[in-house]
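**Q** Handing you this structure, nothing more for now.
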Amino acid sequence: MLLLGGLATLALAAWSAQRAASGPQPSLGGRLAGPLAGIVAGTRSVAADAELRRGAELRAILQLESALELAPTRTDIWLQLIALQGLQLSSAERESDAAVRASWTLGALDAAERGYARAREPEWVARFAVAVLRAQLNSDPPLELPPGSTPLAERLEHWIRRAPSDTE
C-alpha cells in the first residue's frame, strides 16, 4: 500500500512538472471553453476596440484582460493591451496630468512583465515595452515616475536586454 502511494505521488509530481513546463494555463473559463477560448478571446479583443472608440478606456482594458484570462498565450492581445496603456492612454498629447501618465505607463510595463512570461512570442512583448519606454523618454514634457520608482532609462535597458538585438 505504501509503495502504491509512493508511485501515485511520483506520478502526480511528474504530471505537475510536465504541466508547468507546458507554459501558462488558461483560466477555468478558458479550459471550459476549450477550443473556443481563442475565438472568444478574439471577440473580446474586437470589443475592446469598440469600447475604445466610444471613449470607454477602462472597459477596453477589462475586455483585454478578460481575453487574456481565456487565452494567456495570445501575443497579439498582450501587445494590444500594452500599446493601449503605454502609448495611447499615457501620451502627453492625450493626458496632461503627469501622475495619470505615469500610472498608465506603469500599467503597461506590468502588462509587459505578465505578457513576457505568458505570451507565445515574448520577444514581441519586449519590443513593445521598449517602444513604450522610448516614447515616454522622448515625450514633451518628459514622464516623471513616482519617487522611489526605477528610472525609465534603467527600465529601458532591462527590456532591451530581453528584446531581440534589432531594438538596440
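**Q** I'm checking my understanding of the structure. Among residues of the stretch 126-168 that are in contact with a Leu (Cβ under 7 Å, 6 or more places away or on another chain) and β-branched (Val, Ile, Thr), which one is surrounded by the most Cβ atoms within 10 Å (Cβ to Cβ)?
**A** VAL132
**Q** Okay, next question. Give me the residue from the stretch 34-70 that is among the basic types (Lys, Arg) and part of a helix (DSSP H, G or I) and, out of that set, surrounded by the most Cβ atoms within 10 Å (Cβ to Cβ).
**A** The selected residue is ARG44.
**Q** Then there is this: Among the residues of the stretch 71-113, which ones are without any contact (Cβ under 8 Å) to a residue 12 or more places away in the chain and either buried (at least 22 other Cβ atoms within 10 Å of the Cβ) or basic (Lys, Arg) (or both)?
**A** Within the stretch 71-113, ARG94 is the sole residue that qualifies.
**Q** Which count do you get for residues in the stretch 132-168 that are farther than 16 Å from LEU106 by Cα, assigned to a helix (DSSP H, G or I) and in contact (Cβ under 8 Å) with a residue 40 or more places away in the chain?
**A** 2
**Q** Oh, and also: Among the candidates ARG74, ARG134, ARG155, which residue alone is within 28 Å of LEU36 (Cβ to Cβ) and of a type in the set (Lys, Arg)?
**A** After ruling out the rest, the residue left standing is ARG74.
Read-outs: derived from the displayed coordinates by stated rules, not from any lab. The model shown is predicted, which means the values in this text are computed figures rather than measured ones. Neighbour counts are summed over all protein chains in view; Cβ atoms, including those assigned to glycine, are modelled from backbone coordinates with ideal geometry.
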